[in-house]
Amino acid sequence: MKKIAVYTSGGDAPGMNACIRAVVRGAIYHGLQVYGIRRGYNGMISGDIFEMTSTSVSNIVQRGGTILKSARSKEFMTPEGRKKAYENLMKLGIDGLVAIGGNGTFTGAEVFYNEYQIPTVGCPGTIDNDLYGTDYTIGFDSAVNTSLEAIDKIRDTADSHDRVFFIEVMGRDSGYIAVQSGIGGGAEIVMVPETHTPLKKVVSSLKDGLRRSKSSSIVVVVAEGDEEGHATEIAEKIKSQVGDKLDIRVTTLGHVQRGGAPTAYDRILASRMGLAAVEGLMSGQKNVMAGVVNNEIVYTPFIDTIKKTKPIHDDLLRMVHILSI
Ligand code: F6P
């Protein structure tokens, strides 16, 4: 292996820059040439590929976002798009790829590998923490810390006005961000896609809080995945059942969770995974994601990272319930 290229794709995540830095410097350390591809698969298709040096990644370890930019490419889903991408890589003699991203990124990488067999190793970069094959994904810890900061602030105003807040966090079909933010933020109820929380239960728990004169209650709900809908819809339904007994407000945290400086944990995780991707490629790994399980680097086939589910420990959900009494 002589020349590798690195790209970030899908939703950006804090720590992606630290990962790019580790890939670039790890590759150069091992005597490889390294290229950056801008805007993920879109840049592969348009040929937006440039050589990177050690200084291309100076002063980025602490920055959120991704210096390579990111995109969700529709064209890469077509065989014609992938053919153009392959031809561009071949023009430069690229013989290995590092894909930093989540589900969609690895789905693309899997299809591309099966068609063109360019060895590819992935680094899990997504705030959602929904990939099998790693305990944590790059950006998850930062996103949880960002949402906690917001929840703490909301608690102040909730408490002053004796209000109930429904706070919507990201996570697509995964409840990881919700559960961790809920525990860290002292939520009364956490609603996640992995287990159904009937509205009846939410109502009775809030009424229970009223009876015990709890001054404020916070519900964390997963936006994209929860069966009962978005926080705004859930809040409306609850209002119609409790009337003016509770003063309810909704806050949707949204993309603020994807921005900001990565936490120490994410910087270190991203650096480990970036280097593991390069060293994995050099030792013959292909079509796999480099993850960290029980503090050890493991390589898991892309197909498993996408298809297998990473369950949320029942213990965590049980704990939300116990700690909110
Ligand atoms: O996958 C990361 C994520 O932030 C999800 O939590 C969310 O559902 C989605 O991306 C939002 O995507 P977009 O930035 O394209 O609106």
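All of the numbers you see were taken from the coordinates with simple rules; none came from a lab. Computed from a predicted model, the values in this text were never measured in an experiment. Note that each Cβ is placed from the backbone with ideal geometry, even for glycine, and that neighbours are counted across all protein chains shown.
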Work out, in µm²/s and without decimals, the Stokes-Einstein translational diffusion coefficient of the stretch 142-258 at 25 °C, 0.890 mPa s, Rh from Kirkwood over C-alpha pairs.
177 µm²/s
List the residue ranges in the chain for DSSP H helices whose C-alpha atoms run 24 angstrom or more along the long axis and whose Kyte-Doolittle average is 0.0 or above.
264-282
Relative contact order of the chain, defined on C-alpha pairs under 8 angstrom at six or more residues apart (%)
24 percent
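For the chain, what does -39500 (n - 2.57) per DSSP helix run (n ≥ 4), summed and divided by total residues, give at 222 nm, in deg cm²/dmol to the nearest 500?
So the calculated ellipticity at 222 nm is -13500 deg cm²/dmol.
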At Thr252 and Lys307, where each label point lies 7 Å from the Cα along Cα→Cβ, what is the point-to-point distance in nanometres?
3.4 nm
Count the net charge of all other residues whose Cβ sits under 10 Å from the Cβ of Gly65, scoring Lys and Arg as +1 and Asp and Glu as -1.
+2
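Under 12 Å from the Cβ of Val298, count the other residues' Cβ atoms, weight Lys and Arg +1, Asp and Glu -1, and hand me the total.
Once all neighbours under 12 Å are counted, the net charge is -2.
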Give, as a single signed number, the net charge of other residues whose beta carbon lies under 15 Å from the beta carbon of Gly125, with Lys and Arg counted +1 and Asp and Glu -1.
+3
Lys, Arg +1 and Asp, Glu -1 on Cβ, resulting dipole of the stretch 142-258 about Cα centre, debye, nearest 20:
360 debye
Percent antiparallel among DSSP beta bridges confined to the chain, rounded to 5, stands at 25 percent
Between the alpha-carbon centers of the stretch 277-291 and the stretch 184-212, tell me the distance in whole angstrom.
43 Å
